[in-house]
1. Determine which member of the set 330, 343, 326 is under 23 Å from the mean Cα position of the chain (by Cα) and within 12 Å of residue 40 (Cα to Cα).
2. Out of everything in the range 83-103 that is in contact (Cβ under 8 Å) with a residue 24 or more places away in the chain and farther than 30 Å from residue 40 by Cβ, what residue ends up being surrounded by the fewest Cβ atoms within 10 Å (Cβ to Cβ)?
3. If you check residue 297 against the conditions, is it within 14 Å of residue 79 (Cβ to Cβ) and touching a residue at least 12 places away in the same chain (Cβ under 8 Å)?
4. Could you please find all residues in the range 239-264 being over 22 Å from residue 213 (Cβ atoms) and either in contact (Cβ under 8 Å) with a residue 24 or more places away in the chain or assigned to a helix (DSSP H, G or I) (or both)?
5. Any chance the range 265-281 includes a residue that's in a loop (DSSP other than H, G, I, E, B), closer than 21 Å to residue 320 by Cα and in contact (Cβ under 8 Å) with a residue 24 or more places away in the chain?
6. Any chance the range 320-338 includes a residue that's hydroxyl-bearing (Ser, Thr, Tyr), on the phi < 0 side of the Ramachandran plot, part of a loop (DSSP other than H, G, I, E, B) and surrounded by 17 or more Cβ atoms within 10 Å (Cβ to Cβ)?
7. Residues in the range 270-298 that are among the basic types (Lys, Arg) and over 21 Å from the mean Cα position of the chain (by Cα): how many?
8. Among the numbered criteria (1) surrounded by 19 or more Cβ atoms within 10 Å (Cβ to Cβ); (2) in contact with a Phe, Trp or Tyr (Cβ under 7 Å, 6 or more places away or on another chain), which one does residue 275 miss?
Amino acid sequence: MSQSIPAIASAAAAEPALAPPQAKARIFFPNLDGLRFLSFFIVFLFHWYMTVYPYINATNPGASEGIRFLFQYGSLGVNFFFVLSGFLITYLLIRERELTGTIHVGNFYVRRILRIWPLYYLCLGIAFLLFPMLKQMAGEVYTERVNEWYYVIFAANFEYMRIWPLHPEAVLVSVLWSVAVEEQFYLTWPLILRLVPMKFYKYVFILIMAGSLIFRSFYTGDNDHDYAVRYFHTFSVIGDMALGGLLAWLCSFPNKFLGWVTNMRKPVIALIYTGAVLLSLFKSYIFPAGMPIIFERLVIGFFFGLIILEQNFAVNSFFKVGRWKLISRLGTYTYGLYCLHLLAIYISTKIVLKLGLDQRMLTTAFAQVIIALPLSLVISIASYHLFEKWFLQLKDRFAFITK
């Protein structure tokens, strides 16, 4: 794993080339940005719940249990992101191979570097350099539990797995384990899709999904160690990406499955969304420790994948998220929102304490979310336009397919 960054840099330096304008195609799924924002919002509410629940549970047990019921599994938003990444990356790479005859691995690495690395390493700088200084200036003790180098080399999920159920002292990096998983996925996926003939893609995806299930079968206990492996280990969660890839492959060519998705009836659509909600709310009852929990991610991911397909291809939808212009616009900033929202939640906690508000009060909990969400938006939008955009402007130079 420690070789991931040099490997990417080496491959990118050896192969990437500017894509000629005449070779470029355009592919845009207008509903995906809205889905991204809604997934982030679910994760945001989960982290807000985790922040306020210990304080309000004693004084407002009824309300706190209601909040817990609604948001305790909000981390499933990350599962949704994984399936979505697998779908979109695979779909675009298939189209690139059709368009150019191959997959330009170096170009892919450069595009991902320009999108992910600048903000990621900015977050590491804030978390591991600036945050400790601010804590010390405030007279607070700072003792970091994690080895920062695991974050530098995109192996944060393994370090988080090691310290679980504890969390990093630098709260900002608590979510970056999933970015590490994404980077490990980006490192291997284009190589696989380039080397394997396209007609065999579905077998590769199914094999990876099966391998992930087998790996999970060794960690089915109801304890912190097994939970951490199931939730953070690459082999345990890579099935989400492979599932997204399989769905992308199935929808890349005219076939019966794509026809079924395109002409999906409204009762079927209603069943998909209802199933996704019920699985998300009653996850621990449907998939308890033991044999059922092996299949938890696969089943939930399948429903998430069907939602992605329904939004992209179905003609009988009740609604399309892309029609919600504000939500779709905010989806542009989802990466920043995801990486930076814990900083906003942390600042909101400091604000309510500075104002002398009692954290045990339900009104204080709602005050925190009212402060934290707009602050997340402001920080992320500023990050996008003042920092990230300078790198994103370069991406299309190395792309054969643009948005």
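The values are calculated or read from the model by the stated rules, or taken from the named source; none is laboratory data. Keep in mind that what you see is a predicted model, and the values were worked out from it rather than measured. Here the Cβ positions follow ideal geometry from the backbone for every residue, glycine too, while neighbour counts run over all protein chains shown.
1. Values: 343 fails: within 12 Å of residue 40 (Cα to Cα); 326 fails: within 12 Å of residue 40 (Cα to Cα).
Step by step, each of 330, 343, 326 is checked, and only 330 is under 23 Å from the mean Cα position of the chain (by Cα) and within 12 Å of residue 40 (Cα to Cα).
2. If we filter the range 83-103 for residues that are in contact (Cβ under 8 Å) with a residue 24 or more places away in the chain, which is where we start, we get 83-97, 99-100, 102-103.
Next, from what is left, pick out any that are farther than 30 Å from residue 40 by Cβ: 97, 99-100, 102.
Values: 97: 18, 99: 13, 100: 16, 102: 10.
Top of the filtered list is 102.
3. Values: within 14 Å of residue 79 (Cβ to Cβ): yes; touching a residue at least 12 places away in the same chain (Cβ under 8 Å): yes.
For residue 297, the condition - within 14 Å of residue 79 (Cβ to Cβ) and touching a residue at least 12 places away in the same chain (Cβ under 8 Å) - is met.
4. First pass over the range 239-264, keeping only residues over 22 Å from residue 213 (Cβ atoms): 251-256, 258-264.
Those that are over 22 Å from residue 213 (Cβ atoms) and either in contact (Cβ under 8 Å) with a residue 24 or more places away in the chain or assigned to a helix (DSSP H, G or I) (or both): 251, 252, 256, 258, 259, 260, 261, 262, 263, 264.
5. Filtering the range 265-281 down to residues in a loop (DSSP other than H, G, I, E, B) leaves 265.
Those still in the list that are closer than 21 Å to residue 320 by Cα too: 265.
Narrowing the set further to residues that are in contact (Cβ under 8 Å) with a residue 24 or more places away in the chain leaves 265.
Yes, the conditions are met somewhere in the range 265-281.
6. Step one: of the range 320-338, the residues hydroxyl-bearing (Ser, Thr, Tyr) are 328, 332-335, 338.
Checking which are on the phi < 0 side of the Ramachandran plot leaves us with 328, 332-335, 338.
If we keep only those that are part of a loop (DSSP other than H, G, I, E, B) too, we end up with 332-333.
Applying the additional criterion that residues be surrounded by 17 or more Cβ atoms within 10 Å (Cβ to Cβ) yields 333.
Yes - at least one qualifying residue is present in the range 320-338.
7. The first filter runs over the range 270-298 and keeps only residues among the basic types (Lys, Arg), leaving 283, 297.
Now narrow it down to the ones that are over 21 Å from the mean Cα position of the chain (by Cα): none.
Total satisfying the criteria: 0.
8. It is condition (1) that residue 275 fails.
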